[in-house]
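Following: one structure in structure tokens, then a few remarks.
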């Protein structure tokens, strides 16, 4: 969660024009409401030699928080049981993180089909409590299709401008139907500036396509696996992972299923 927060934070503070913002640079005046910010020398010069080109004014900008994250959760048959419970917990954690950043959240469950959750016919929403309730379901069935889920999510990002845009993709298997290389969706994600993070559940058969997707979109990759003590631990794919040599009392493995990016566990 801390690694994801870092990724959100790096792109969340977008500079946007705002009348109450700090004067950061100069721009050409577009309307006379900006007279208070006019450059005095250019104002005198323009009054003496009136021209269609208006004088310069301060360009006021302000950090605008927010953005969107689409969560894509695998609910195919192989996710049934402990993996489904754990992925539900991860989704809830990301929703709570989005709440602290005032981000809008969209939620898709997918197997061989894609199922978008809509609130008042809209995909992105700040109704976090409704989203948390939607993520509680743990039913699983069918096989795995990446293409339709990415297609649905990216369609929702289209036309949303220069915003903080993320996808979190959770799966335990390689795609078995649709375009397994999601070629068109990778192109579209890069074009839209969507950062795709992936969590693969399991130690074997890591799908090479997840490498391509996250690398091309500057996302972060995680690997999660269930250990002998019943806990699921998560690690950055580019980090070395070691287990602590401390005996832990048995507790509910889903109480707090998130792990620090450094490899330590949180129970």
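Output the number of residues of the range 70-119 satisfying the condition of being assigned to a helix (DSSP H, G or I) and over 20 Å from residue 142 (Cβ atoms). Spell out how you get there, then give the answer.
Pass one, the range 70-119, residues assigned to a helix (DSSP H, G or I): 77-79, 82-100.
Subsequent filtering for residues that are over 20 Å from residue 142 (Cβ atoms) retains 89-90, 92-100.
Matching residues across the range 70-119 total 11.
Can you name the residue in the range 114-135 that is touching a helix residue (DSSP H, G or I) at 6+ places or on another chain (Cβ under 6 Å) and touching a residue at least 24 places away in the same chain (Cβ under 8 Å) and is also nearest to residue 184 (Cα to Cα) among such residues?
114
Hey, does the range 159-171 have a residue that's assigned by TED's automatic domain parsing to the domain that holds residue 74, loosely packed, with under 15 Cβ neighbours inside 10 Å, over 26 Å from residue 82 (Cα atoms) and in contact with a strand residue (DSSP E or B) (Cβ under 8 Å, 6 or more places away or on another chain)? If you could, list the steps in order and put the result at the bottom.
So in the range 159-171, the residues assigned by TED's automatic domain parsing to the domain that holds residue 74 come out as 159-171.
After this cut, where a residue has to be loosely packed, with under 15 Cβ neighbours inside 10 Å as well, the list is 159, 161-162.
Subsequent filtering for residues that are over 26 Å from residue 82 (Cα atoms) retains 159, 161-162.
Next, from what is left, pick out any that are in contact with a strand residue (DSSP E or B) (Cβ under 8 Å, 6 or more places away or on another chain): 162.
Yes.
So that you can scan it fast, the table gives a plain yes or no per residue for (1) surrounded by 17 or more Cβ atoms within 10 Å (Cβ to Cβ); (2) touching a strand residue (DSSP E or B) at 6+ places or on another chain (Cβ under 7 Å):
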| position | (1), (2) |
| --- | --- |
| 98 | yes, yes |
| 130 | no, yes |
| 154 | yes, no |
| 181 | no, no |
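Consider the range 139-175. How many of its residues are free of Cβ contacts under 8 Å to residues at least 60 places away in the same chain and either under 19 Å from residue 207 (Cβ atoms) or in a loop (DSSP other than H, G, I, E, B) (or both)? Full working, then the answer.
Residues of the range 139-175 that are free of Cβ contacts under 8 Å to residues at least 60 places away in the same chain, as a first pass: 145, 147-148, 151-152, 154-155, 158-159, 161, 174-175.
From the residues that got through so far, the ones that are either under 19 Å from residue 207 (Cβ atoms) or in a loop (DSSP other than H, G, I, E, B) (or both) too are 145, 147-148, 151, 154, 158-159, 161, 174-175.
Count: 10.
Quick check: anything in the range 59-69 at pLDDT 90 or above, closer than 30 Å to residue 117 by Cβ and outside any loop (DSSP other than H, G, I, E, B)?
Within the range 59-69, the first condition is being at pLDDT 90 or above, and the residues that meet it are 69.
Among the residues that remain, those that are also closer than 30 Å to residue 117 by Cβ are: 69.
From what is left, the residues that are outside any loop (DSSP other than H, G, I, E, B) are 69.
The answer is yes, given that some residue of the range 59-69 is at pLDDT 90 or above, closer than 30 Å to residue 117 by Cβ and outside any loop (DSSP other than H, G, I, E, B).
Exactly one condition in (1) at pLDDT below 85; (2) in a loop (DSSP other than H, G, I, E, B); (3) in contact with a helix residue (DSSP H, G or I) (Cβ under 9 Å, 6 or more places away or on another chain) is not met by residue 234; state its number.
Unmet for residue 234, out of (1) at pLDDT below 85; (2) in a loop (DSSP other than H, G, I, E, B); (3) in contact with a helix residue (DSSP H, G or I) (Cβ under 9 Å, 6 or more places away or on another chain): (2).
The values are calculated or read from the model by the stated rules, or taken from the named source; none is laboratory data. Everything quoted here is computed from the prediction, not taken from an experiment. Cβ coordinates were reconstructed from backbone atoms using ideal geometry, including for glycine residues, and neighbour counts include every protein chain displayed.
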